[in-house]
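Below is one structure; the comments refer to it alone.
What follows draws every value from the coordinates through simple rules; no lab data is involved. Note that this is a predicted model, so its numbers are computed, not measured. Positions of Cβ are generated from backbone atoms using ideal geometry, with glycine treated the same way; all protein chains shown enter the neighbour counts.
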Amino acid sequence: MIPVSIETLVVGIPPSPSVIVLRPTGSARQDDRALPIWIGPSEATAIGSVLEKQAVVRPMTHDLLTNAIHALHADIDRILIDRVEGSTFYATVVLNQGGETLRLDARPSDSIALAVRTSAPLFVSEEVLDAAALPFLATLNANNKDDMKEFREFLDSVKPEDFGSLEE
């Protein structure tokens, strides 16, 4: 499993897609690939609100689940994005409850929303990176309006099918 972090999150306004891009971190950073995952607008908003440190008056769904996990005396140990079939990614939320390991099947977007709330580490399997990652060719400067405009135009026009079939 390769440790990853969120490189960028673009919250699209429908019909534009939302996408989260993960990249290897730490000693795995020399792996110059990026993993784009298209996600729903609600999940993108749930992730983005935490990344932007936006306060919420009432708990949102992922906050509720995080609170429930802690009320059951468990902690989120790590998130594993461990499988891809076609353009569908699969994840596992690994919990630790009193020394016992529990594994929950989950969507990557929901898993990442939990991870950003709990600082749980994110990992992607080598097989998923091999099947679905793209070369990370350039570093965008978020303060450079031209870079961001070009990136948004790319995201508005690209579809998962543009990357070919992941089933080979």
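Okay, here's what the table says:
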| quantity | calculated |
| --- | --- |
| Per-residue HN-Hα couplings for the range 41-55 [Karplus 6.51, -1.76, 1.60; θ = phi - 60°; Hz; x = Gly/Pro] | x, 5, 5, 4, 5, 5, 6, x, 4, 6, 4, 8, 6, 7, 6 |
| DSSP-loop trypsin sites (Lys or Arg not before Pro) across the range 19-85, with at most 14 other Cβ within 10 angstrom | Lys53 |
| The range 26-99: GluC sites (Glu not before Pro) in DSSP loop, at most 11 other beta carbons within 10 Å | Glu52 |
| 5 angstrom amide H check on Gly12, placed H, neighbours 5+ away | Ser18, Val19 |
